[in-house]
Structure formats: C-alpha cells, structure tokens
1. Straight-line reach from LYS56: which lysines have Cα under 19 Å away, leaving out those fewer than 8 places along the same chain?
2. Which longest uninterrupted range of the chain lacks any GluC sites (Glu not before Pro) assigned by DSSP to a loop state (not H, G, I, E or B) and surrounded by at most 14 other Cβ atoms within 10 Å?
3. Mind checking which of GLY28, GLN69, ILE93 is farthest towards the positive end of region 4-154's charge dipole, using Cβ charges of +1 (Lys, Arg) and -1 (Asp, Glu) about the Cα centre?
4. How large are Rg and Dmax for the chain when calculated on the C-alpha trace, in angstrom?
5. Compute the semi-axes of the equivalent ellipsoid of region 29-87, taking the square root of 5 times each eigenvalue of the Cα gyration tensor, and list them largest first in whole Å.
6. Treat the count of other C-beta atoms within 10 Å as a stand-in for reagent exposure and order HIS70, HIS142 from fewest to most.
7. Which longest run of the chain has no exposed loop site in it, a site being trypsin sites (Lys or Arg not before Pro) in a DSSP loop with at most 15 other beta carbons within 10 Å, and the site itself not part of the run?
8. List the equivalent ellipsoid semi-axes of region 108-160 in whole Å, largest first, each obtained as the square root of 5λ for an eigenvalue λ of the Cα gyration tensor.
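What follows draws every value from the coordinates through simple rules; no lab data is involved. This one's a predicted model, so the numbers in the text were calculated from it and none came from an experiment. Cβ sites come from the backbone with ideal geometry, for glycine too, and all protein chains shown count toward neighbours.
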Amino acid sequence: MRRIEEEIGRQLKKRKASVSVAESCTGGLIAHRLTNISGSSDYFDSAVVSYSNRAKIDLLGVSPSLITQHGPVSEPVARAMAEGIRRQRQTTIGLATTGLAGPLGATPEIPIGTVYIALASADGTVVRRFSFPGDREDIKRHAADTGLEMILAYAADLEA
C-alpha cells in the first residue's frame, strides 16, 4: 500500500495541481511529510508555520478582527489562513490547520484536541472541526494525517 504522501504526489502531478500549506498547531508536520517524497517540488509550493497571531496576520493576511472576535482556534481563522496561503502562493489548493494541542490553554469552548482544518480551492473553502484524542504529539499527528487525507480526497476528485 502506498503512503498517503506518495498518493497525494501522484494525484497532484497527474492533474498538474499544486498545494501550499499554512500550519499552526501542526508546526510544519504536513509540509515535512509532503516534502519527504522525492520530486515533491513538482506540486508542493510552500509552507508557512504561522504559530503566532502576528504571523497569521502578517504572513497570511488574516484580519486581526477575526482573531479578536473568534479566537485563533476557530472556523473563520482557519478559513482565512487557507484562503490566504492559496491566494498568496497562487496554488490549486491551500490547506490550513489551527488548533489546541495542549496541555495548556483549554477553555470550555475550546478543549485540548480541538483542531480546525481548512482546504481552499477554486471550488470554495471547506472547514472542518475535529476533536482529537491524546497528548500533544498525538493531536499533531492526527491533525497532520487528517489534513493529508483532505488534500488527497480533493486531489483525487480534480479533473485530469
């Protein structure tokens, strides 16, 4: 069975599509996994690890008011991150992650393990909220796995 990263590469190359990522809670793990594949420069454009609010604003064009109103771990911020990286890098797909891996920072509204993953494309932007179990590393791994699955699902549906 092929690793998901290899299959993403195969699908994106076949469709002459490209991807860029904006990662917060995954800290570059998705970019790391995508670039572990030889030839990934054919379809992987770039990554921004926008861990701070300032980075989300300065590097991705996220509106400060979105962060103030909704918080950095939210659907609107994930959407703006994915759309921002896609727009700035002019890629087929822009993927973003923002979440709370813990162990600190939980609130009743945003418990540890809450992650938003957004995928922006010419078809629009899809944002999904997840509640991943485990410790910090587990949550990061689950979020990266899920982000890669979202890229693959979209890439496989693109017309060649």
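1. LYS140
2. Working: sites that count: GLU109, GLU159.
In short, 1-108.
3. Going by the Cα projections, it comes out as ILE93.
4. For the chain, the Cα-based Rg and Dmax read 14.7, 45 Å.
5. Values: eigenvalues 133, 21, 17 Å².
Largest first, region 29-87 gives 26, 10, 9 Å.
6. Numbers: HIS70 14, HIS142 20.
Listing HIS70, HIS142 from fewest to most nearby Cβ atoms yields HIS70, HIS142.
7. Working: sites that count: ARG2, ARG3, LYS16.
Result for the longest clean stretch: 17-160.
8. Details: eigenvalues 127, 34, 6 Å².
Sorted largest first and rounded, they come to 25, 13, 6 Å.
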